[in-house]
Amino acid sequence: AVYNKVLAQRRADTVKQFLVELGVPESSVKVVALGPEATLCDDPGKECQQLNRRVHLEIRRLGPVAAVSTVSDVTSTGAAAPVAPKHGDVQEP
């Protein structure tokens, strides 16, 4: 289990470094290595295990969620609720 966690971290760090080399600010990239806690498939077969060797990316636009026109709008409605990201793995063609 420790080996897989370390491997997951190395895989994630490699992708982060690639993105940084492409010009993405390092401070904008968050890395979370899940290892065996986030398997897609539990079957011991080779094809199933290959599905677990992956990196999942979530790309989010940073910025204000909603524009506020007046101070009274802020006090009457409160802060805008963040939009929940859609989850799902990106499949390669």
Output for segment 4-17, where each listed residue is within 15 Å of residue 59 (Cα to Cα) and either surrounded by fewer than 12 Cβ atoms within 10 Å (Cβ to Cβ) or hydrophobic (A, V, I, L, M, F, W, C) (or both): 12, 15
Only one residue in 80, 66 is surrounded by 11 or more Cβ atoms within 10 Å (Cβ to Cβ), modelled with pLDDT under 80, aliphatic (A, V, I, L, M) and in a loop (DSSP other than H, G, I, E, B). Which one? 80
Restricting the search to segment 11-62, which residues are under 20 Å from residue 1 (Cβ atoms), assigned to a loop (DSSP other than H, G, I, E, B) and aliphatic (A, V, I, L, M)? 31, 32, 33, 34, 40, 55
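The values are calculated or read from the model by the stated rules, or taken from the named source; none is laboratory data. For clarity, every value in this text was computed on a predicted model and none was experimentally measured. Methodologically, a virtual Cβ is constructed for each residue, glycine included, from the backbone with ideal geometry; neighbour enumeration extends over all protein chains shown.
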